[in-house]
Every structure is written in C-alpha cells, then in structure tokens.
Amino acid sequence: MLVCSNEQKNRCLNNAQQKIAIIGCVSRSFLVCAEEFARGYVQALVEAGVLNYEQRDELYALTTEAVERRKQKL
C-alpha cells in the first residue's frame, strides 16, 4: 500500500474526476474506451490504497451518469 499525503490523494481524486468529465466530450466510437479508462484508473487507485471503496463507488456512479448523459447527446 502506498503512503500518500492528502495533497497527493486529492490530486489523484481530481485526475479521476477529470477522466470522468472527458466522457462528455468523446465521440460514440470512443465512449466505451473512455468509460473503461476512467473505471480502470479509479480501480487502480483503490488497489494502490489511495481511495477507499466508498469513494470508488461514488466515482463509478459518476462515470455511469456521464456515460448516460453522453449517450443522450449522441
């Protein structure tokens, strides 16, 4: 398990949120890849001990919402 400062954890959390936000900008052909990339990044942070499971679930829910919003726009 990594030992991270609060600043590093916040930076990783912000990066995850940015990856989720990118879902709203991708074309249909990249939607699945963007979703998998965001979920994979979040899961890697959990496995490294940077995020906990509750945070993971919240970010997964945001990812699902972002995908659904993007599908509606396409």
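Rundown of residues vs (1) under 8 Å from the mean Cα position of the chain (by Cα); (2) open to solvent by less than 80 Å² (accessible area, probe 1.4 Å), yes/no style:
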{"site": "Leu13", "(1), (2)": "no, yes"}
{"site": "Ile20", "(1), (2)": "yes, yes"}
{"site": "Leu31", "(1), (2)": "no, yes"}
{"site": "Phe37", "(1), (2)": "yes, no"}
{"site": "Ala44", "(1), (2)": "no, yes"}
{"site": "Gly49", "(1), (2)": "no, yes"}
{"site": "Glu58", "(1), (2)": "no, no"}
{"site": "Thr64", "(1), (2)": "no, yes"}
{"site": "Gln72", "(1), (2)": "no, no"}
Pairs, first closer than 10 Å to Arg70 by Cβ in the range 24-38, second β-branched (Val, Ile, Thr) and open to solvent by 40 Å² or more (accessible area, probe 1.4 Å), C-beta under 8 Å, six or more apart: Ala34/Ile22
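The values are calculated or read from the model by the stated rules, or taken from the named source; none is laboratory data. Bear in mind the structure is a predicted one, so any value in this text is a computation, not a measurement. We place every Cβ from the backbone using ideal geometry, glycine too, and count neighbours over all the protein chains shown. Just so you know, the surface numbers come from the protein's heavy atoms only, side chains and all, with ligands and any DNA or RNA stripped out. Shrake-Rupley method; radii C 1.70, N 1.55, O 1.52, S 1.80 Å.
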